[in-house]
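Written out below as structure tokens is the structure these notes cover.
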Amino acid sequence: MASKTETNSTDPVHPAAAPIPRDTVTPRDWTPTSWTRKIATQQPVYPDASAVERAVTELSSLPPLVNSWEIESLRAALAEAATGKSFLLQGGDCAESFEDCDAAIITSKLKILLQMSLVLVHGTRKKVVRVGRIAGQYAKPRSADMETRGDETLPSYRGDIVNRNAFTPEDRKPDPQLLLRGYERAALTLNFIRALVEGGFADLHHPENWDVSFLEHAKLAREYHEIVDSILDSIQFMEAVLETRVHNLQRAKFYTSHEGLALLYEQAQTRQVPRREGWFNLSTHLPWIGMRTAQVDGAHVEYFRGIRNPVAVKIGPAMTEEWLTELLDVLHPHDEPGRLTLIHRFGADGIAEHLPRMIETVRATGKTVLWCADPMHGNTVSTESGRKTRRFDSILSELEQAFEIHRSLGSRLGGVHFELTGENVTECVGGARGLDEGGLDRAYNTRVDPRLNYEQALEMAMRIARHLRHNPS
Ligand code: PEP
Ligand code: CO
């Protein structure tokens, strides 16, 4: 049996979340494969069923990527974010590619997330819970199953864990071996992140690691350095007064998340662990359900209802009050602190219309959720030349409205969710350097959605911090 004191013994920062009754830990009729009895949308059609079975069996026997202590620790941290004691920063690629499993790319992604979190700590005066869309964000929902170019029609690209991006019949054929390749890439990515974090990459005593030398916009760089200097001053002051070194600063906690879309992958990493009740998805700390697969009677919700991880659901303009209430019934039946995060993505033009009814719907259930704003997915537009982009100002506007709407309704925005990269890409327009549509072609590298680049992401964090300093939540 799980001993309640043991569960978080490695984690002095976050207290154990309140336990739920033992007999309700795993819902009735649920197993890691019970989703197969439901309609599973957005799944590839594999040509060879026995090859799928072999791949899933092998994946099921390989070691997990994360552990249940970390998952419980994140659940407790998210519970704190829901009550305003901390703030969630979630970010990373729309679609990770296997090629991005590269030291420089991983380092710069970790670095931008750590730097943004530092800016947010300063602005919010709260702990920041850092969650990357990383080490598993390999599957994408698509609006059409097939793609036609000229007179050739092939299966759509569904992410590197399913098939390959090149437009040839061989590349687009769903390949179950890619489930294993995805697991391996996730493991390599996570291993490197853990080494960086354990090795002190995020140690505030070493500000050189926090340097922004390639931040070329002088005003942003100055503002950022002022923040770092003021934090270092506080640390030095505290250490002088306490006559001790503040060791907790050496290791930043860093969690992973991805859309739990490819259900065979999620199922194969779903495990029971010694001395704990229930089943854990050990491929990531925080899996989420995308808007397109959130049907209450669908396979994704079925799978998610049975796992012990904290989970998130994306909600967009099509979400109805009834649908949301049912999702809370199924996914959040015991109102466990930290269990459910709702990531809303309505667009700068839609949030004022839709968010209030969602807040009222949750309030009517009497349950607590963590509200997180994704200001990216409701603000995608096409340029005249057909490029998908997002405007910095629309993203910021949706965020500022989100803070205000929550505040005005007595609710609280406890987190933000971005698509970003640590690279100097040109995919979103605007920001301090005024990237315009003409500049998009220079480094438009995304496989799916446009991401904030390094400078835009850091600037976004500064703008949020500034907003929150003037309007504390
Ligand atoms: C995503 O996060 O990349 C995504 C597809 O989100 P949504 O389900 O909100 O469109
Ligand atoms: Co996306």
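Computed quantities for the displayed model
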| read-out | value |
| --- | --- |
| Residue 152 accessible area, 1.4 Å probe, all protein chains in place, Å² to nearest 10 | 70 Å² |
| Top positive-direction residue, dipole computed over the stretch 96-181 with Cβ charges, set 169, 103, 115 | 115 |
| DSSP H segments from the chain that extend 20 Å or more along their own axis, Cα-based, with Kyte-Doolittle mean of -1.0 or above | 68-82, 103-124, 177-198, 218-242, 351-365, 392-408, 454-470 |
| Dipole axis of the stretch 26-470 (+1 Lys, Arg; -1 Asp, Glu on Cβ), positive-most option in 258, 395, 205 | 205 |
| Calculated SAXS-style log₁₀ I(q)/I(0) at q = 0.11, 0.13 Å⁻¹ - the stretch 227-331, Debye, Cα scatterers | -0.54, -0.63 |
| Convex hull volume per residue for the stretch 26-470, taking Cα atoms only, in Å³ | 150 Å³ |
| Point-charge dipole on Cβ atoms (K/R +1, D/E -1) for the stretch 26-470, about Cα centre, debye to 20 | 980 debye |
| Two-decimal Rg/Rh across the stretch 374-455, once Rg and the Kirkwood Rh are taken from alpha-carbon atoms | 1.02 |
| Helix-derived mean residue ellipticity, 222 nm - over the chain, DSSP H n ≥ 4, -39500 (n - 2.57), to 500 | -12000 deg cm²/dmol |
| Sum of side-chain charges, residue 38 neighbourhood, beta-carbon under 12 Å (Lys, Arg +1; Asp, Glu -1) | -1 |
| Neighbourhood net charge (10 Å Cβ-Cβ; Lys/Arg +1, Asp/Glu -1) for residue 411 | +2 |
| Probe 1.4 Å, all protein chains present, accessible-area order of 394, 143, 257, 382, largest first | 143, 382, 394, 257 |
| Charge-dipole axis of the chain as Lys and Arg at +1 and Asp and Glu at -1 on Cβ define it, positive-most pick from 340, 445, 186 | 340 |
| Difference of contour (0.36 nm per residue) and Cα-Cα distance, residue 83 to residue 184 | 32.7 nm |
| Accessible area in square angstrom per residue, the chain, 1.4 angstrom probe | 41 Å² |
| Heavy-atom accessible area ranking, 1.4 Å probe, most first, across 323, 371 | 323, 371 |
| Percent accessible area from carbon and sulfur atoms, the chain, protein chains only, probe 1.4 Å | 51 percent |
| Reachable aspartates and glutamates from residue 126, criterion Cα separation under 12 angstrom, eight or more residues apart if same chain | 80 |
| Between the stretch 430-463 and the stretch 98-122, the Cα center-to-center distance that results, in Å | 15 Å |
| Convex hull of the stretch 71-198 built on C-alpha atoms - directionally averaged projected area, nm² | 10.0 nm² |
| Percentage, to the nearest whole number, of Cα pairs in the stretch 23-80 over 15 Å apart | 74 percent |
| Greater than 18 Å apart at Cα, pairs in 38/367; 140/314; 127/253 | 38/367 |
| Solvent-accessible surface ranking, highest first, for 253, 140, 367, 85 at 1.4 angstrom | 85, 253, 367, 140 |
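The values are calculated or read from the model by the stated rules, or taken from the named source; none is laboratory data. Bear in mind the structure is a predicted one, so any value in this text is a computation, not a measurement. Quick reminder, even Gly has a Cβ in these numbers, built from the backbone with ideal geometry, and neighbours come from all protein chains shown. Heavy atoms of the whole protein, side chains included, go into the accessibility calculation; ligands, DNA and RNA do not. Shrake-Rupley method; radii C 1.70, N 1.55, O 1.52, S 1.80 Å.
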